[in-house]
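Input: a single structure, listed below in structure tokens.
Please treat every number below as a calculation from the coordinates, not as lab data. This structure is a prediction, so every number in the text was calculated from the model and none was measured. Here Cβ is always computed from backbone atoms with ideal geometry, including for glycine, and neighbour counts include all displayed protein chains.
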Amino acid sequence: MHSDQAGPLALVGSGEYLPVMTDFEAGLIAGRSPRYVQIATAAVPDGPATLERWHQLGIVQAQRIGVTPVIVPVATRDDANDPDVVRLVDDAGLIYLSGGNPNFLASTLRDTALWSAIEDQWRRGAALAGCSAGAMVMAAWVPTIRHPREGGTPGLGLLAHLRVIPHFDAFVKRMPDVATRFLVGRDQQVTVVGVDEETAIVGGPEEWVVHGAGSAWVLTGAQRHEFRAGETLRTPLVNLNA
């Protein structure tokens with residue numbers, strides 16, 4: 001699953017493309033190709049104006065870092081299988097799936113030529129990051145956040161042993177039972193990880209280092225195990241078919 005040449009994985013709670021995360025994103029692409037590939041597909045359901053806002057934020061962030069922004073315009077599965085679109089991820093240094101609707105993002109990218117190309121670039125050494133929706137879709141299953149019991153969407157499956165709750169500190173304030181909600185349903189053997197806003201975990205697939213202003217949390221039932229910036233947490237691989 002994870003070769004010696006593969007790049008780092010980053011799961012981010014919030015803050016993609018914002019000044020507060022500039023140093024973090026610069027660190028991901030440092031020493032790699034200066035092509036910062038940005039995929040804002042999760043924002044498509046929110047309309048063209050919102051999508052364009054994400055594109056502009058990404059362009060400005062790349063300019064701050066001093067690298068080339070590469071916008072990958074994917075609104076449909078047909079787009080994600082278009083060879084001209086797929087070629088945009090070639091020679092990527094950092095590929096970033098930004099936030100929005102995780103179920104739409106997973107359904108649009110799953111089992112497409114674009115997702116295969118993204119995986120290939122990561123295995124060849126590119127950094128691969130997902131923020132909010134982009135982090136959630138790395139799992140095998142993406143629950144509907146507000147109503148997990150009502151179903152969800154198969155994820156991209158890169159990190160089948162995880163389920164990620166982004167914006168964790170904000171969700172806990174609004175929905176104190178958010179951890180229990182995410183433990184309901186499928187894949188009971190997965191590790192559930194909460195990532196606070198403006199915070200990320202980097203590494204993977206089993207060992208991660210926390211970066212940013214907040215904390216990451218490993219959730220087991222009603223218990224929360226906190227990991228602060230600079231600390232390492234483990235998410236053991238499990239045999240989900242056992």
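Tabulated data for the structure shown
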| item | result |
| --- | --- |
| Two-site label geometry, ALA113 and ARG174: point separation in nm, points 7 Å out along Cα→Cβ | 3.8 |
| Footprinting exposure proxy for ASP196, ASP46 (fewest neighbouring C-beta atoms within 10 Å first) | ASP46, ASP196 |
| Projected label distance in nm at ASP90 and THR76, using a 7 Å step from Cα toward the beta-carbon | 2.5 |
| Extended-chain gain in nm, criterion 0.36 nm per residue less alpha-carbon gap, HIS225 and VAL20 | 71.3 nm |
| Extended-chain gain in nm, criterion 0.36 nm per residue less alpha-carbon gap, GLU207 and GLU52 | 52.3 nm |
| Shape category assigned to the chain from the gyration tensor of Cα positions, a/c cut at 1.5 | rounded |
| Residue of PRO154, PRO166, PRO48 that the Gaussian network model of the chain assigns the largest fluctuation, springs spanning Cα pairs under 10 Å | PRO48 |
